[in-house]
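Below is one structure, written out as structure tokens, with a few remarks after it.
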Amino acid sequence: MFIGAHMSIAGGVDKAVERGSSINCTTIQIFTKSNTQWRTTPLKKKEVENFKKNVEITKISPVFGHNCYLINLASPDPEIYRKSIDTLLIELERSEILGLPYLVMHPGSHMGAGEKAGIERIAESLNKIFEKIKGYNVRVLLETTAGQGRSVGYRFEQLAEIMALVEFKEKLGVCLDTCHIFAAGYDIRSKYGYEKTTAEFNSIVGIDKIKAIHLNDSKKELGSKVDRHEHIGKGFIGLETFRYIMNDERFRLVPKVLETPKGEDMKEDVMNLKVLRGLIKRS
Ligand code: ZN
Ligand code: MN
Ligand code: MN
């Protein structure tokens with residue numbers, strides 16, 4: 001079972017692996033650079049070496065990336081758009097250097113241009129980017145969104161539309177976020193609702209496209225379209241849904257990470273991981 005949490009890269013990407021290992025994560029997610037500013041300095045050789053050494057020692061697998069929050073491939077603003085493309089390319093290069101199999105990305109926000117225009121712009125941007133990194137192994141995982149503001153990706157159909165327009169199918173996958181789909185209106189609280197939602201995802205996108213899962217409960221109600229993560233079992237989704245996921249054979253090999261609120265000592269992660277592990281049925 002690959003289960004862990006998002007880990008801070010304060011002090012270097014290599015430190016994230018140490019942090020994850022210290023609380024017994026078997027997989028972790030990291031930002032490839034600062035997530036709140038555009039600029040970045042190149043990865044240092046020593047940092048990359050230490051990162052790879054730590055991954056080897058701890059056996060954490062996979063370590064995968066999440067892109068910076070500023071990137072918006074659907075932006076109608078030419079300056080933001082240009083920076084978004086450039087920065088995503090840099091992040092993919094960093095992911096490749098570190099050997100990360102996936103970089104999770106929020107599809108984008110159309111900022112008033114309309115959902116159709118947004119979806120087309122995202123696909124066009126991805127085609128442009130993939131054209132430049134044909135030799136890379138890293139895949140981009142489109143994350144399901146809560147539908148906050150003008151963001152797209154809150155309906156499975158929207159993810160399918162983006163994927164249909166991207167030529168490089170093998171470079172794309174999906175990251176399913178439990179809080180986001182719930183806030184977007186998918187009721188996964190009951191076993192029936194969970195099965196119905198996953199069946200819907202399967203027929204629209206394909207369940208095998210799910211390469212990572214974000215395990216977050218929700219501070220806001222079903223369909224709120226507000227993205228606020230809560231500790232497992234303490235929010236509006238509730239514990240049972242996480243029991244379904246933790247025991248869903250279709251997701252057995254899919255890495256699952258927490259993105260729940262926490263302090264520097266990570267005791268909240270320890271608590272949530274304990275709760276999640278406790279849900280796994282022994283066979
Ligand atoms: Zn995300
Ligand atoms: Mn997420
Ligand atoms: Mn979120």
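The values are calculated or read from the model by the stated rules, or taken from the named source; none is laboratory data. Since this is a predicted model, take the numbers as computed values, not measurements. For neighbour counting, all protein chains shown are included, and Cβ atoms are generated from backbone atoms with ideal geometry for every residue, glycine included. To get the accessible areas, we keep the full protein, side chains included, count just its heavy atoms, and leave off ligands, DNA and RNA. Shrake-Rupley method; radii C 1.70, N 1.55, O 1.52, S 1.80 Å.
Give the residues of segment 265-278 that are open to solvent by 10 Å² or more (accessible area, probe 1.4 Å) and either without any contact (Cβ under 8 Å) to a residue 40 or more places away in the chain or of a type in the set (A, V, I, L, M) (or both), sorted by residue number.
Scanning segment 265-278 gives ASP265, MET266, LYS267, GLU268, VAL270, MET271, LYS274, VAL275, GLY278.
Between a residue in segment 37-50 that is modelled with pLDDT of 95 or more and of a type in the set (Asp, Glu) and any residue that is outside any loop (DSSP other than H, G, I, E, B) and surrounded by 17 or more Cβ atoms within 10 Å (Cβ to Cβ), which pairs come within a Cβ distance under 9 Å, given they are 6 or more apart or on different chains?
Pairs found: GLU47/VAL13; GLU47/ASP14; GLU49/ASP14.
Being surrounded by fewer than 19 Cβ atoms within 10 Å (Cβ to Cβ) and among the polar types (S, T, N, Q) is the filter here; which residues of segment 231-254 pass it?
Selection gives ASN247 alone.
Do you know which of the residues in segment 111-122 that are of a type outside the set (Gly, Ala, Ser) and more than 20 Å from the chain's Cα centre (by Cα) is surrounded by the fewest Cβ atoms within 10 Å (Cβ to Cβ)? Before you say what the answer is, go through the steps one by one.
Going through segment 111-122, the residues of a type outside the set (Gly, Ala, Ser) turn out to be 111, 115-116, 119-122.
Then drop every residue that is not more than 20 Å from the chain's Cα centre (by Cα), which leaves 111, 115-116, 120-121.
Details: MET111: 17, GLU115: 17, LYS116: 12, GLU120: 17, ARG121: 21.
It comes out as LYS116.
Select from segment 148-177 the residues that are in contact with a His (Cβ under 8 Å, 6 or more places away or on another chain) and part of a loop (DSSP other than H, G, I, E, B) and write down the one among them that is farthest from ligand 1 (Cβ to nearest atom).
Going through the qualifying residues, I end up with ARG150.
Out of curiosity, is LYS196 buried (at least 17 other Cβ atoms within 10 Å of the Cβ) and more than 20 Å from TYR102 (Cβ to Cβ)?
No.
Which numbered condition in (1) touching a residue at least 12 places away in the same chain (Cβ under 8 Å); (2) over 15 Å from LEU98 (Cβ atoms); (3) β-branched (Val, Ile, Thr) is the only one that VAL55 fails?
VAL55 satisfies every listed condition except (2).
Quick one: VAL55 ticks every box in (1) touching a strand residue (DSSP E or B) at 6+ places or on another chain (Cβ under 8 Å); (2) open to solvent by less than 30 Å² (accessible area, probe 1.4 Å); (3) not charged (D, E, K, R); (4) not in a loop (DSSP other than H, G, I, E, B) except a single one, so which number is it?
For VAL55, the exception is condition (2).
Out of segment 193-239, which residues are β-branched (Val, Ile, Thr), within 18 Å of CYS175 (Cβ to Cβ) and either in contact (Cβ under 8 Å) with a residue 60 or more places away in the chain or within 15 Å of ligand 1 (Cβ to nearest atom) (or both)? Step through it out loud before you land on a result.
Initial filter on segment 193-239 (β-branched (Val, Ile, Thr)): 197-198, 204-205, 207, 210, 213, 226, 232, 237.
The next check asks that each one be within 18 Å of CYS175 (Cβ to Cβ); those that pass are 197-198, 204-205, 207, 210, 213, 232, 237.
Within segment 193-239, ILE210, ILE213 qualify.
Restrict the check to segment 123-143 and report whether at least one residue is polar (S, T, N, Q), surrounded by 17 or more Cβ atoms within 10 Å (Cβ to Cβ) and more than 17 Å from the chain's Cα centre (by Cα).
Checked segment 123-143: at least one residue is polar (S, T, N, Q), surrounded by 17 or more Cβ atoms within 10 Å (Cβ to Cβ) and more than 17 Å from the chain's Cα centre (by Cα).
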